[in-house]
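**Student:** I have a structure I would like to understand better, so I am pasting it below and will then ask my questions one at a time.
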Amino acid sequence: MRRRWWILVAVSLATFMTYLDNNVTNVAIPTIQRSLHLSIAGLEWVVSSYILVFASLLLLGGRMADIYGRRRLFLTGLSIFTLGSLFSGLATSGTVLIGARLVQGLGAALLVPTTLAIIMATFDDARERTRAIAAWTAIGAMGLAFGPLIGGFITQHFHWGWIFFINVPIGAVTFAIAIATMRESRADSAARRLDVPGLVSSALALFALVYALIEGHDKGWTSPLIAGCFAVAAVAAIAFGVIESRTQSPMVSLQLFRSRIFAGGTTVMMLWAFGILGIYFFTSIYLQTMLGFSPTKAGLAFLPMAICMAIFASLAPQVAPRIGAHRAVALGMAAMAAGLYLFARLGGTATFGSLMPGFLMFGAGAGLMNVPLTNVILHSMPPERAGVASALLNASREVAGLLGITVIGAVLRSGEGRALQHGASTGSAFLTGYHDGLLVTVVLLAIGTLIGYFALARSADDRGRPDLEATLAAELAPEIAGQPVAS
């Protein structure tokens, strides 16, 4: 029994590192910009390059884990991620930093899909598995939430490169624990073939879309290059759908999305990640450039939200069975939307105290809905599909987080540009664009509230019973029987 919980420690530490790197750079962005002389678009690439590779290769990582062994991929991905962190901290130019972040993204793509799959394979008892998933989710959320505080403190008191160096000792400790406790597991039924056309088409679609969103404002939204990128993204996305529907060994079986719970839950997870990662990036800039916060003070501003997120994530496993998973998820999404709306009403003279109502409400909502949502998505699939469930869950979250940064960035720069054309000052123009981005996210989170309530309503009838997994697996099994599902 003790070995199982040490395995949970290892996968949780790995998840903490990868989620931390989604956010730890945000508060350091102004310092990195001055140190490496980067533009706003260059700053977005520093953050987005990591998430882009991470999101593009997550499904491949999940499939490779189930084919070649989850322990093997866990250790390989952890090693690559740790080395990428070392090179990121040593970077002396924007190009080198972006390249090192790409390496980090590759390591994370191999590492993260194994974490949930290892939990599913390690914990046989449904109640223990729920507790393990809750702990894994809470620790991952803490990585997202405490990233700005850690990044801010390090940036102000040390060289910014240490925001990456801290991963090296954590990676070494995690590697040692995994070597000592983790046993190999894989999906025996997995076809031993990789879906290369699916991988290429999905990665091309994502890269073309991200490039167009980041560079569109500077190069012109109607320029041939940007219009061509949008066209390539659309064609590649359609090709991906066609490939996955026809290949014998797809990365993603489209049959899975015939489950209302799985499809709706994944959509809500994407909207959650869109709000979390998109807002962190630009709020960090807002706090330092508009309000004049130091990196440490900006990180401290996020701390109450982080504490709220962790507290409500730990309470969620008790709350969801009582009120129903669909209500817990919808309530959490609504609280996030309300918190951002409060934030959108703040101006350029906001104080630490006036930030807190929006931060606290946003953090409480993000913590409350994540654990029950993760459980519902995973439990909507048979246990032997742990790899594909883990990969799809993490891929959807990372793709949405990437789009959160790029879409909100596009909205922000467009609003900023319009305000400048009407004679607004630089600070006022940024604030206008920032508010536009917040309001777009509020609308998307409100939509997620409705989807979460209605799409997940069936899970409320089960009220957290131990046989929930078997019930939902039996419901989905006829839909995927005879279908080659990659994992």
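The values are calculated or read from the model by the stated rules, or taken from the named source; none is laboratory data. Just so it is clear, the structure is predicted and the values come from calculations on it, not from any experiment. Positions of Cβ are backbone-derived with ideal geometry, glycine not excepted, and every protein chain shown enters the neighbour counts.
**Student:** Condition check: hydrophobic (A, V, I, L, M, F, W, C), out of contact with any Leu (no Cβ under 7 Å at 6 or more places or on another chain) and outside the structural domain of M120 (by TED's automatic domain parsing). Does A212 satisfy that? Outline the logic, then answer.
**Tutor:** Details: hydrophobic (A, V, I, L, M, F, W, C): yes; out of contact with any Leu (no Cβ under 7 Å at 6 or more places or on another chain): yes; outside the structural domain of M120 (by TED's automatic domain parsing): yes.
Criteria met by A212.
**Student:** Where residues in the stretch 271-284 are at pLDDT below 80 and of a type in the set (V, I, T), which of them is surrounded by the fewest Cβ atoms within 10 Å (Cβ to Cβ)?
**Tutor:** Among those residues, the one meeting the criterion is I279.
**Student:** Additional query: Please work out if G292 is in the same structural domain as T137 (by TED's automatic domain parsing) and on the phi > 0 side of the Ramachandran plot.
**Tutor:** Details: in the same structural domain as T137 (by TED's automatic domain parsing): yes; on the phi > 0 side of the Ramachandran plot: yes.
Judged against the criteria, G292 is a match.
**Student:** Now for a different question. Return the pairs, sorted by first residue and then second, in which the second residue is among the charged types (D, E, K, R), the first residue lies in the stretch 231-247 and is touching a residue at least 40 places away in the same chain (Cβ under 8 Å), the beta carbons are less than 8 Å apart, and the residues are 6+ apart or on different chains.
**Tutor:** I243/D195; E244/D195; T247/D195
**Student:** Take residues that are under 29 Å from L412 (Cα atoms), modelled with pLDDT under 85 and within 21 Å of the chain's Cα centre (by Cα) and tell me which of the helices (runs of 4 or more DSSP H) falling wholly in the stretch 158-221 contain 2 or more. Even if it seems obvious, please write down each step before you answer.
**Tutor:** Working: elements: 162-165, 167-181, 196-219.
By residue number, 196-219.
**Student:** Determine whether S79 is buried (at least 18 other Cβ atoms within 10 Å of the Cβ) and assigned to a helix (DSSP H, G or I).
**Tutor:** Working: buried (at least 18 other Cβ atoms within 10 Å of the Cβ): no; assigned to a helix (DSSP H, G or I): yes.
In short, no.
**Student:** Here's another thing I want to ask about it. Residue under question is I177, and the condition is that it be closer than 21 Å to S12 by Cα, surrounded by fewer than 24 Cβ atoms within 10 Å (Cβ to Cβ), assigned by TED's automatic domain parsing to the domain that holds G365 and not charged (D, E, K, R); does it hold? First the steps, then the outcome.
**Tutor:** Working: closer than 21 Å to S12 by Cα: yes; surrounded by fewer than 24 Cβ atoms within 10 Å (Cβ to Cβ): yes; assigned by TED's automatic domain parsing to the domain that holds G365: yes; not charged (D, E, K, R): yes.
Yes; evaluated as a whole, the condition is true for this residue.
**Student:** Still on this structure: Kindly indicate which of A233, A301 is at pLDDT 85 or above, farther than 21 Å from L456 by Cα and not assigned by TED's automatic domain parsing to the domain that holds V411. Spell out how you get there, then give the answer.
**Tutor:** On the way: A301 fails: not assigned by TED's automatic domain parsing to the domain that holds V411.
Just a single option satisfies the conditions, and that option is A233.
**Student:** So, of the residues in the stretch 137-171 that are aliphatic (A, V, I, L, M) and touching a Ser or Thr at 6+ places or on another chain (Cβ under 7 Å), which turns out to be farthest from M369 (Cα to Cα)? Reasoning before the result, please.
**Tutor:** First, pick out the residues of the stretch 137-171 that are aliphatic (A, V, I, L, M): 138-139, 141-142, 144-145, 149-150, 154, 163, 166, 168, 170.
In the following step, the residues that additionally are touching a Ser or Thr at 6+ places or on another chain (Cβ under 7 Å) were identified as 138-139, 163, 168.
Details: A138: 11, I139: 15, I163: 29, V168: 31 Å.
Top of the filtered list is V168.
**Student:** Right, another one. Considering only residues of the stretch 314-337 that are of a type in the set (A, V, I, L, M, F, W, C) and surrounded by fewer than 18 Cβ atoms within 10 Å (Cβ to Cβ), which is farthest from M369 (Cα to Cα)?
**Tutor:** Kept after step one, since they are of a type in the set (A, V, I, L, M, F, W, C), are these residues of the stretch 314-337: 315-316, 319-320, 323, 325, 328-331, 333-337.
This time we only want the ones that are surrounded by fewer than 18 Cβ atoms within 10 Å (Cβ to Cβ), so: 315, 323.
On the way: L315: 10, I323: 12 Å.
If we take residues in the stretch 314-337 being of a type in the set (A, V, I, L, M, F, W, C) and surrounded by fewer than 18 Cβ atoms within 10 Å (Cβ to Cβ), then I323 is farthest from M369 (Cα to Cα).
**Student:** Could you run through the stretch 407-425 and say how many residues are of a type in the set (V, I, T) and either under 12 Å from I40 (Cβ atoms) or at pLDDT 85 or above (or both)? Break it down stepwise before answering.
**Tutor:** Step one: list which residues in the stretch 407-425 are of a type in the set (V, I, T), which gives 407-408, 411.
Then drop every residue that is not either under 12 Å from I40 (Cβ atoms) or at pLDDT 85 or above (or both), which leaves 411.
Residues in the stretch 407-425 being of a type in the set (V, I, T) and either under 12 Å from I40 (Cβ atoms) or at pLDDT 85 or above (or both): 1 in total.
**Student:** Given (1) outside any helix (DSSP H, G or I); (2) within 20 Å of E184 (Cβ to Cβ), where does R72 come up short, assuming only one miss?
**Tutor:** (1)
**Student:** Just to be sure before I move on: is F257 more than 25 Å from A138 (Cβ to Cβ), part of a helix (DSSP H, G or I) and assigned by TED's automatic domain parsing to the domain that holds Y434 in the structure I sent?
**Tutor:** Numbers: more than 25 Å from A138 (Cβ to Cβ): yes; part of a helix (DSSP H, G or I): yes; assigned by TED's automatic domain parsing to the domain that holds Y434: yes.
Yes: the conditions hold for F257.
**Student:** Any residue at all in the stretch 345-353 that is among the aliphatic types (A, V, I, L, M), in the same structural domain as L439 (by TED's automatic domain parsing), in contact (Cβ under 8 Å) with a residue 40 or more places away in the chain and assigned to a helix (DSSP H, G or I)?
**Tutor:** First, pick out the residues of the stretch 345-353 that are among the aliphatic types (A, V, I, L, M): 346, 350.
Add one more test, that the residue is in the same structural domain as L439 (by TED's automatic domain parsing), and what stays is 346, 350.
Narrowing the set further to residues that are in contact (Cβ under 8 Å) with a residue 40 or more places away in the chain leaves 350.
Within this subset, residues satisfying the condition of being assigned to a helix (DSSP H, G or I) are none.
Looking through the stretch 345-353, none of the residues is among the aliphatic types (A, V, I, L, M), in the same structural domain as L439 (by TED's automatic domain parsing), in contact (Cβ under 8 Å) with a residue 40 or more places away in the chain and assigned to a helix (DSSP H, G or I).
**Student:** Can you name the residue in the stretch 118-150 that is within 21 Å of S79 (Cα to Cα) and over 17 Å from the mean Cα position of the chain (by Cα) and, of all such residues, is surrounded by the most Cβ atoms within 10 Å (Cβ to Cβ)?
**Tutor:** Once the filter is applied, the top-ranked residue is I118.
**Student:** Anything in the stretch 82-96 that is in a helix (DSSP H, G or I) and either touching a residue at least 12 places away in the same chain (Cβ under 8 Å) or touching a Phe, Trp or Tyr at 6+ places or on another chain (Cβ under 7 Å) (or both)? List them, or say none.
**Tutor:** As a first pass, look at the stretch 82-96 and keep what is in a helix (DSSP H, G or I): 82-90, 94-96.
T82, L83, G84, S85, L86, F87, S88, G89, L90, G94 - these are the residues of the stretch 82-96 that are in a helix (DSSP H, G or I) and either touching a residue at least 12 places away in the same chain (Cβ under 8 Å) or touching a Phe, Trp or Tyr at 6+ places or on another chain (Cβ under 7 Å) (or both).
**Student:** Residue by residue through the stretch 306-326, note down the ones that are modelled with pLDDT of 85 or more and touching a Leu at 6+ places or on another chain (Cβ under 9 Å). Write out each step before concluding.
**Tutor:** First pass over the stretch 306-326, keeping only residues modelled with pLDDT of 85 or more: 308, 311-312, 315-316, 318-326.
Matches in the stretch 306-326: C308, F312, L315, A316, V319, A320, I323, G324, A325, H326.
**Student:** Return the residue satisfying two criteria in turn: it lies in the stretch 233-254 and is part of a loop (DSSP other than H, G, I, E, B) and among the small types (G, A, S), and of such residues it is surrounded by the fewest Cβ atoms within 10 Å (Cβ to Cβ).
**Tutor:** Per the stated criteria, the residue is S249.
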